[in-house]
2 protein chains.
Amino acid sequence: MATTILVVDDEKRLVSLVEAYLAQEGFRVVTASNGREALFLARQEKPDLIILDIMMPEMDGYEFMRLHRKEYQTPIILLTARVEDDDKIIGLELGADDYVTKPFRPRELTARIRAVLRRTGQTEPTATVLRRGDIILDRESHTVKVGNQFVDLTPSEFDLLAALMSSPGKVFSRLDLLDRLQGTRYEGYERTIDVHIKNLRGKIEPDPRSPHYVKTVYGVGYRFTRD
Amino acid sequence: MATTILVVDDEKRLVSLVEAYLAQEGFRVVTASNGREALFLARQEKPDLIILDIMMPEMDGYEFMRLHRKEYQTPIILLTARVEDDDKIIGLELGADDYVTKPFRPRELTARIRAVLRRTGQTEPTATVLRRGDIILDRESHTVKVGNQFVDLTPSEFDLLAALMSSPGKVFSRLDLLDRLQGTRYEGYERTIDVHIKNLRGKIEPDPRSPHYVKTVYGVGYRFTRD
DNA sequence: ACTATTCTTCATAATATCTTCATAACTTCT
DNA sequence: AGAAGTTATGAAGATATTATGAAGAATAGT
């Protein structure tokens with residue numbers, strides 16, 4: 001059974017963003033937009049971890065934690081809007097296992113998730129290795145092999161490649177990919193992706209001038225070859 | 001602390017054979033040649049797993065299990081001389097976790113050991129001696145040799161190096177490494193790792209300015225060289 | 001309680017990466 | 001072929017991350 005993560009936040013955009021990349025990371029994701037719904041889902045789905053926004057209407061994160069913790073010890077990662085110490089202290093006192101301040105990048109969230117899962121003795125998500133043709137990408141060890149040659153990628157290059165390889169043949173718009181890199185920290189300029197792709201190609205393509213792995217789809221975006 | 005295995009058999013030859021092999025695999029091994037001695041050693045050493053011969057003079061395997069299980073739930077693998085169902089059934093009923101019939105090949109035994117340890121949630125055996133290139137790290141004696149020169153490491157430096165060397169090429173995040181040092185303690189500050197790494201490099205790297213063993217992976221963490 | 005060692009924090013210097021921008025190259029459409 | 005729009009590319013500035021020295025805090029040993 002895949003590791004299940006419950007994401008609780010009233011902001012639709014944030015929820016779907018988090019859901020998208022956690023799914024891509026190999027987690028099973030269920031979502032709730034308020035505390036009551038979350039309590040219900042937690043009972044039903046028995047998630048391995050909960051990602052919880054503190055600021056929610058109706059029932060806030062603290063209240064949810066209090067109620068949930070009466071029955072379960074599920075590890076919880078808090079999403080806090082501000083960087084004030086108050087949040088940290090209160091949240092951790094109530095039994096949260098870690099916290100991430102908004103805005104955050106996907107990479108930061110998944111790093112914390114993995115750390116918490118390891119700390120609480122859960123299993124890693126299953127699909128940690130992506131293998132397409134000659135390219136092997138291992139999320140856990142954060143290594144990429146082309147043929148039998150390791151290549152060093154920057155964080156952005158690595159995340160882009162992981163996204164593309166997660167669904168070979170699927171076209172990702174630059175906006176999709178930008179979300180992937182920047183998450184809720186959204187200030188980006190789509191052309192940035194072009195540059196990352198160029199640099200990535202320079203590292204993994206035998207002939208970067210006519211790419212074999214990462215193809216351009218004119219007017220739409222990029223995709224990993226499906227062959 | 002290395003995973004400890006208690007081997008109980010009255011055949012000296014078999015015991016030393018198994019002992020040698022398991023030691024080579026990175027386990028810590030203690031041995032007993034009869035039931036009484038085994039009970040004593042089990043109390044004293046608190047082994048993570050017991051390998052037990054059924055056929056022994058004085059106190060046989062079944063009797064040992066009965067007495068031992070009054071106090072402990074240590075997983076037990078039985079060594080049975082014959083392939084008869086009787087042994088299997090009785091043994092497993094008494095609470096053995098697996099059994100291996102003699103004669104057996106070393107690799108079969110270790111495979112079963114690992115399977116049982118995994119099943120019962122024990123930690124994988126951590127090889128006592130890690131040897132990568134010019135660096136030799138011995139967990140038991142807590143010593144590190146670079147070339148033929150012993151170097152003195154602080155506890156933190158030693159643990160960091162051991163973690164990194166346990167999976168060369170794998171990138172460890174600062175959070176990962178902090179957990180190794182501090183366990184579940186929470187107040188850790190990731191930058192602390194940087195300093196330990198710097199100090200570690202100063203002790204093991206020929207040229208700490210351009211490290212050969214402990215590499216930095218920008219934006220992610222550190223790894224031991226995979227070459 | 002004192003000393004020596006180790007650990008952590010902090011400030012700043014050194015690097016690597018990311019983003020932007022200008023321009024060249026390419027695609028598509030007419 | 002030409003026009004319009006899109007993508008590729010090299011380079012430079014902005015940003016983020018890591019390395020480092022040093023000082024204070026914590027810990028262990030005597």
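Tallying residues that are modelled with pLDDT of 85 or more and assigned to a loop (DSSP other than H, G, I, E, B) within region B:173-186 yields 0.
Across region A:187-215, the qualifying residues are those that are touching a helix residue (DSSP H, G or I) at 6+ places or on another chain (Cβ under 8 Å) and in a loop (DSSP other than H, G, I, E, B), and the one among them that is farthest from DNA strand C (Cβ to nearest atom) is A:TYR213.
Among the residues of region A:189-197, at least one is surrounded by 15 or more Cβ atoms within 10 Å (Cβ to Cβ), within 30 Å of B:ASP227 (Cβ to Cβ) and near DNA strand D (Cβ under 10 Å from one of its atoms).
Take the residues of region B:152-172 that are open to solvent by less than 30 Å² (accessible area, probe 1.4 Å) and either assigned to a loop (DSSP other than H, G, I, E, B) or modelled with pLDDT under 90 (or both): which is farthest from the other protein chains (Cβ to nearest Cβ)? Top of the filtered list is B:ALA162.
Of B:LYS203, B:LYS215, which residue is among the basic types (Lys, Arg), surrounded by 13 or more Cβ atoms within 10 Å (Cβ to Cβ), more than 14 Å from chain A (Cβ to nearest Cβ) and within 13 Å of DNA strand D (Cβ to nearest atom)?
Every option except B:LYS203 fails the conditions.
Using the structure shown, decide if A:ARG139 is touching a residue at least 40 places away in the same chain (Cβ under 8 Å), within 14 Å of another protein chain (Cβ to nearest Cβ) and more than 13 Å from DNA strand D (Cβ to nearest atom). The answer is yes for A:ARG139.
Specify the residue that is nearest to B:ASP48 (Cα to Cα); the eligible residues are those in region B:113-132 that are open to solvent by 70 Å² or more (accessible area, probe 1.4 Å) and at pLDDT 80 or above. If you could, list the steps in order and put the result at the bottom.
The first filter runs over region B:113-132 and keeps only residues open to solvent by 70 Å² or more (accessible area, probe 1.4 Å), leaving B:118-119, B:123-124, B:131-132.
Still in the running and at pLDDT 80 or above: B:131-132.
Details: B:ARG131: 25, B:ARG132: 27 Å.
Only one residue fits best here, namely B:ARG131.
Please verify whether A:GLN149 is within 15 Å of DNA strand D (Cβ to nearest atom) and either surrounded by 16 or more Cβ atoms within 10 Å (Cβ to Cβ) or of a type outside the set (Asp, Glu) (or both), treating the condition exactly as stated. It is false that A:GLN149 is within 15 Å of DNA strand D (Cβ to nearest atom) and either surrounded by 16 or more Cβ atoms within 10 Å (Cβ to Cβ) or of a type outside the set (Asp, Glu) (or both).
The values are calculated or read from the model by the stated rules, or taken from the named source; none is laboratory data. Since the structure is predicted, the reported quantities are computational estimates derived from the model, not experimental observations. Methodologically, a virtual Cβ is constructed for each residue, glycine included, from the backbone with ideal geometry; neighbour enumeration extends over all protein chains shown. For accessibility, only protein heavy atoms count, side chains too; no ligands or nucleic acids. Shrake-Rupley method; radii C 1.70, N 1.55, O 1.52, S 1.80 Å.
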